[in-house]
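For reference, the structure is listed below as structure tokens.
The values are calculated or read from the model by the stated rules, or taken from the named source; none is laboratory data. Everything quoted here is computed from the prediction, not taken from an experiment. All Cβ positions, glycine included, derive from the backbone under ideal geometry; neighbour counts span all protein chains shown. Accessible surface is based on the protein model in full, side chains and every heavy atom, while ligands, DNA and RNA are left aside. Shrake-Rupley method; radii C 1.70, N 1.55, O 1.52, S 1.80 Å.
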Amino acid sequence: MTESVRKLKEWVDHSENIVFFGGAGVSTESGIPDFRSTDGLYHQQYDYPPETILSHSFYEANPEEFFRFYRSKMLCLDAQPNAAHRKLAEWEAAGKLKAVITQNIDGLHQKAGSRNVLELHGSVLRNYCTRCGAFYGVEAVQNSAGVPRCRCGGAIKPDVVLYEEGLDQDVIARSVSAIRQADILIIGGTSLTVYPAAGLIQYYRGGRLVVINKTALGAGADLTITEPIGQVMVQL
């Protein structure tokens, strides 16, 4: 155990108000790819970068191509929670962790047992009809072809926040409240480059800001750890 991890363990052991803010790096250890990484995979099959395909305007203009990409790359339904997900659920059950704020849409925090999960960008597990508002599980998208359709004939849209779309203001308000009250804020697996989500960090008022990111930006953090987050969390 490194000195940095030892210090974090000491802080966690003596805290009862931890908030975790996580991004794609939390789920890469579960086999879910971070499409910001350079693996060339997307360019082999698609004529547009992921950020373009996952935009509201692209969804409106090219819905069939949107869903081809979405089914292929965003529905990683066989993925299982890793050590980071499980540790956070363990902390919540012990009353130490008050909220998980996540930019991920994979539902792995809930699968690990976390209950107070604030999903800034929604979830692939929820879908709704844009005409009548009926809600559908992920199977309605996974098992369809082309644009998935509701019984009423309307298009079924994933309940995820696409580029160019606004975040849910209730989720934002609850996230701000949790961050303001935290005595430890742990940021894991995110480069904090996606706004407005990344801007939530400015609401932290405590003195124990921790960044765990193997590629990471630790500017302004009280403690920075550059090991993979699962390897860190399993030691805590």
| request: Starting from the Cα coordinates of segment 55-125, work out the convex hull volume and express it per residue in Å³. | output: 81
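Accessible area of the chain with a 1.4 Å probe: how many percent of it is carbon plus sulfur?
Working: 5310 of 11230 Å².
The computed percentage sits at 47.
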| Cα centre as origin, Lys/Arg/Asp/Glu Cβ charges: the chain dipole, Debye | 460
| field | Point-to-point label distance, residue 56-residue 116, nm (Cα→Cβ direction, 7 Å offset) | value | 3.1
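For a test of understanding, tell me how many lysine pairs in the chain have Cα atoms under 15 Å apart, given they are 8 or more places apart or on different chains. List each step's numbers first, then the result.
Details: 9/87; 9/96; 87/96; 87/98; 87/111.
Taking the chain as the scope, the lysine pair count is 5.
May I ask you to compute the full-extension gain from residue 48 to residue 64, defined as 0.36 nm times their residue separation minus their alpha-carbon distance, rounded to one decimal in nm?
Full extension of this stretch gives 4.4 nm more.
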| said: Suppose each label sits 7 Å from its Cα in the direction of the beta carbon; what would the residue 149-residue 176 distance come out to in nanometres? | reply: 4.3
| message | For residue 10, what accessible surface area do you get with a 1.4 Å probe? Give it in Å², rounded to 10. | response | 110
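Per residue, how much accessible surface does the chain expose to a 1.4 Å probe? Answer in Å², no decimals.
Values: 11230 Å² over 236 residues.
Result: 48 Å² of accessible area for each residue.
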| request: Kindly give the semi-axes, whole Å and largest first, of the ellipsoid equivalent to segment 1-116, taking each as the square root of 5 times a Cα gyration tensor eigenvalue. | output: 34, 15, 12
| note | Taking 30, 57 and ranking on accessible area (1.4 Å, protein atoms only), highest first, one gets 57, 30
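Let me spell out the model: positive unit charges on the Cβ of Lys and Arg, negative unit charges on the Cβ of Asp and Glu, origin at the Cα centre of segment 24-162. What dipole size does that give, in debye rounded to 20? Don't jump to the answer; show the numbers that get you there.
Numbers: 15 positive and 15 negative charges, 105 e Å.
In total the dipole reaches around 500 debye.
If you take all C-alpha pairs in the chain, what percent of them are over 25 Å apart? Spell out each step's value before the answer.
Working: 11670 of 27730 pairs.
Percent of Cα pairs beyond 25 Å in the chain: 42.
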| query | If the chain between residue 195 and residue 10 were fully stretched, how many nm would it gain, using 0.36 nm times the residue separation less the Cα-Cα distance? | reply | 63.4 nm
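About its Cα centre, what dipole magnitude does segment 99-236 give when the only charges are +1 on Lys and Arg Cβ and -1 on Asp and Glu Cβ, stated in debye to the nearest 20? The partial results should precede the final answer.
Working: 12 positive and 11 negative charges, 57 e Å.
Charge dipole, segment 99-236, about its Cα centre: 280 debye, nearest 20.
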| Quick one: Debye curve from the C-alpha atoms of segment 86-186, no solvent, what's log10 I(q)/I(0) at q = 0.18 Å⁻¹? | -0.90
